[in-house]
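Visitor: Got a structure for you, written out below as structure tokens; questions coming shortly.
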Amino acid sequence: MTEGPAELTRWTIHGERVIDDTRRARWSIAEVELPDGVRFEQYVLRLPKAAIVVVLDEDDRVLMMWRHRFIIDRWVWELPGGYVDESEDPATTAAREVEEETGWRPRSIEPLLSFQPMVGTADAENLLFLARGADYVGTPEDVNEAERIDWIPLDKVLDYIARGEIVGAASVVGILDVLARRQRGELEA
């Protein structure tokens, strides 16, 4: 391993022109040059940060939403979450989104990790949180989010992933991270 970055393979950005800029997404085309001198244009998508939550209850189950995703035209299970408003603390966003989308209020929120799901095309930072316990506060506020809400046993979620019922990057990463922490003894059952 090298001590510092040699930057021999760093790409040079000669410019970026915005194609569409909305509240939730900015599309642009970047003019890029590779280290060998080849130049080309690359589409770039920039999204606000998103806060996603793995909510675990006392029975070692994870709170998930069954929803239709029109882009892939599939029904899938997902963790609750949403975009972080510019002036909002991501942990506050995480708790708010769980309650709005599921009708359950998390008792605690703690950060797990941050990741970028599509680094070759998008800047879309996902902030994953863990909530331990939740209290039912009523019907979800947002009727457009999920067909149903359910608590899935944590020891069954890998089967859901294998069957293609959990496919979203944030849901897969969040679940795998919690399972890995549990295996390392960092999370108690």
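The values are calculated or read from the model by the stated rules, or taken from the named source; none is laboratory data. Just so it is clear, the structure is predicted and the values come from calculations on it, not from any experiment. So basically every Cβ, Gly included, is an ideal-geometry build from the backbone, and we count neighbours across all protein chains shown. Ligands, DNA and RNA are excluded from the accessible area calculation, which covers all protein heavy atoms including side chains. Shrake-Rupley method; radii C 1.70, N 1.55, O 1.52, S 1.80 Å.
Visitor: Determine which member of the set 28, 87 is polar (S, T, N, Q) and out of contact with any Lys or Arg (no Cβ under 8 Å at 6 or more places or on another chain).
Guide: That would be 87, the only listed residue that is polar (S, T, N, Q) and out of contact with any Lys or Arg (no Cβ under 8 Å at 6 or more places or on another chain).
Visitor: Inside the range 56-70, can you point out the residues that are charged (D, E, K, R), in a strand (DSSP E or B) and open to solvent by less than 40 Å² (accessible area, probe 1.4 Å)? Write out each step before concluding.
Guide: Our first condition is that a residue be charged (D, E, K, R); within the range 56-70, this holds for 57-61, 67, 69.
Now narrow it down to the ones that are in a strand (DSSP E or B): 61, 67, 69.
67 - this is the single residue of the range 56-70 that is charged (D, E, K, R), in a strand (DSSP E or B) and open to solvent by less than 40 Å² (accessible area, probe 1.4 Å).
Visitor: Another one. Identify, please: which residue in the range 141-161 is of a type in the set (D, E, K, R) and either in a helix (DSSP H, G or I) or open to solvent by less than 80 Å² (accessible area, probe 1.4 Å) (or both) and is, among those, nearest to residue 125 (Cα to Cα)?
Guide: Within the range 141-161, the match that is nearest to residue 125 (Cα to Cα) is 145.
Visitor: Separate question: Check whether at least one residue in the range 71-79 is at pLDDT below 95, open to solvent by 30 Å² or more (accessible area, probe 1.4 Å), over 14 Å from the mean Cα position of the chain (by Cα) and among the hydrophobic types (A, V, I, L, M, F, W, C), and report yes or no.
Guide: yes
Visitor: State all residues of the range 78-90 that are assigned to a strand (DSSP E or B) and over 16 Å from residue 143 (Cα atoms); if no residue qualifies, say none.
Guide: Within the range 78-90, 83 is the sole residue that qualifies.
Visitor: Another question about this same structure. Go through the range 122-140 and report how many residues are open to solvent by 60 Å² or more (accessible area, probe 1.4 Å) and within 20 Å of residue 49 (Cα to Cα). Step through it out loud before you land on a result.
Guide: Our first condition is that a residue be open to solvent by 60 Å² or more (accessible area, probe 1.4 Å); within the range 122-140, this holds for 123, 132, 135-137, 139.
This time we only want the ones that are within 20 Å of residue 49 (Cα to Cα), so: 123.
Residues that pass the stated criteria total 1.
Visitor: Separate question: Go through (1) open to solvent by less than 50 Å² (accessible area, probe 1.4 Å); (2) closer than 15 Å to residue 52 by Cβ; (3) not in a helix (DSSP H, G or I) for residue 164 and report which single condition fails.
Guide: (2)
Visitor: Now for a different question. For the range 168-183, state whether one or more residues are surrounded by 14 or more Cβ atoms within 10 Å (Cβ to Cβ) and of a type in the set (Asp, Glu).
Guide: yes
Visitor: Tally up the residues in the range 26-55 that are free of Cβ contacts under 8 Å to residues at least 40 places away in the same chain, surrounded by 14 or more Cβ atoms within 10 Å (Cβ to Cβ) and not in a strand (DSSP E or B), please.
Guide: Here the count works out to 1.
Visitor: Would it be correct to say that residue 86 is under 28 Å from residue 23 (Cα atoms), in contact with a helix residue (DSSP H, G or I) (Cβ under 8 Å, 6 or more places away or on another chain) and open to solvent by 40 Å² or more (accessible area, probe 1.4 Å)?
Guide: no
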